[in-house]
1. Compute the distance from the alpha-carbon center of the range 1-35 to that of the range 163-207, in whole Å.
2. Under a crude label model (7 Å from the Cα following the beta-carbon direction), how far is ALA313 from ARG266 in nanometres?
3. If Lys and Arg each add +1 and Asp and Glu each add -1, what is the summed charge of the other residues whose beta carbon sits under 13 Å from the beta carbon of ASP124?
4. So how far, in whole Å, is the C-alpha centre of the range 226-259 from the one of the range 53-91?
5. Under a point-charge model restricted to the Cβ atoms of Lys and Arg (+1) and Asp and Glu (-1), what is the dipole moment magnitude of the range 28-138 relative to its Cα centre, in debye to the nearest 20?
6. At 7 Å along Cα-to-Cβ for each site, give me the label-to-label distance between ALA220 and VAL24 in nm.
7. How far apart, in nm, are two points set 7 Å out from the Cα along the Cα-to-Cβ line at ALA31 and at ARG196?
8. Calculate for the chain the 222 nm mean residue ellipticity that helices alone would give, adding -39,500 (n - 2.57) per DSSP H run of length 4 or more and normalising by residue count, nearest 500 deg cm²/dmol.
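Nothing in this text is a laboratory measurement; each read-out follows from the coordinates by a stated rule. In this text the structure is predicted, and so the values were computed from the model without any measurement. Here the Cβ is made from the backbone with ideal geometry for all residues, glycine too, and neighbour counts use every protein chain on show.
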Amino acid sequence: MSRIRLITTGGTIASSRKAGSDRVVANISGAELKARLHDPLDGIEIEIDDFSSVGSFAFDLPLAFSLARHINSVLAKEDCDGVVVTHGTDTMEESCYMADLIVNSDKPVVFTGAQRHAGDADTDGPRNIAEAMRVAAAPQARGIGAVIVFEQDIHAARDVTKAHTSRVDTFRSNSYGKLGEVDGENVFIYRRPTGRFHADVTRIVPEVELMKLAMGSSPAFLDFAVGQGARAIVIEAFGRGNAPNGFAEAIAPIVAKGIPVIVASRCQEGRTRPIYGGGSGGKDLADAGVIFSGDLSGLKARILAAVLLGKNAGMDAFRRDFEKVTCTPTS
Ligand code: ASP
């Protein structure tokens, strides 16, 4: 018998239309989610753990961090073999990556959710929970880090992203593909993630902003973010990591103040690499002191920055850790 903890946080999977209103809200408990499963899940004992009841668009980094720490304490118990976390899809990839960095157990950590709410006759929630349970109970899913299980697919926290606003197969792992899949009662793992990183921190620094660049964007937002107390800024720059005119000049004094500026790419796939000069090409941004995020997306780079800042170890150590996690040489 496998003993799996079902940690609920809200999201569409635990939502339905509020009586007398036009809103879908998180209002369904873990016990109800369990009662609505169609699959008897023989051999799996489910323990309910209602953690929060919010749409994931209302999550913030402190809540995601406390969820990750909660998962850690649950997995430390001998009578728990793994966890399934039900979560809204909007920011699931961020909570999942936070858990991937913070959880220090090899036991499976499986996030899932739904695109069609629990009051919808065609809801995808029960089957996703059942498949997530099978992964959480599977010995071969140990040691692969936090994952998202959705529409039979198993995705690594670092790679996965929500790709479609409404389709039930919304999650994709763009560059590298999924880790495996669930087929009926069977769980198949086709590849295991390499280079995972565990951060032993007791706090995070949530004041990390993310800015997506567009042709001719103004760097004014950088100073605005610093003025608002940002402790690090991630920019989703063009292609290999290039920015519009003015960014290199705006970034240099920010980095000089000890505020890391991280350059991710707004492309879905591939790595950043400083190549170009002229204005704020990647080489100019490197001269200004940025840290490149390699193949880590802007969303995930922001989570990593908040976690590494929690070490409070200074800019050099931050840069070293960041470049180690993302395997990113600066030149
Ligand atoms: N659409 C979202 C969901 O799938 C809402 C949320 O993220 O909570 O759950």
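1. Spelled out, the Cα-based centre of one part sits 22 Å from the other.
2. Each label point is offset 7 Å from its Cα along the Cβ direction, giving 3.3 nm.
3. On the way: positive: ARG36, ARG116, ARG127, ARG167; negative: ASP120, ASP122, GLU131, GLU151, ASP153, ASP169.
My count for the surroundings of ASP124 gives -2.
4. 31
5. Values: 8 positive and 20 negative charges, 13 e Å.
Magnitude of the dipole: close to 60 debye.
6. It is 3.8 nm.
7. 3.4
8. -8000 deg cm²/dmol
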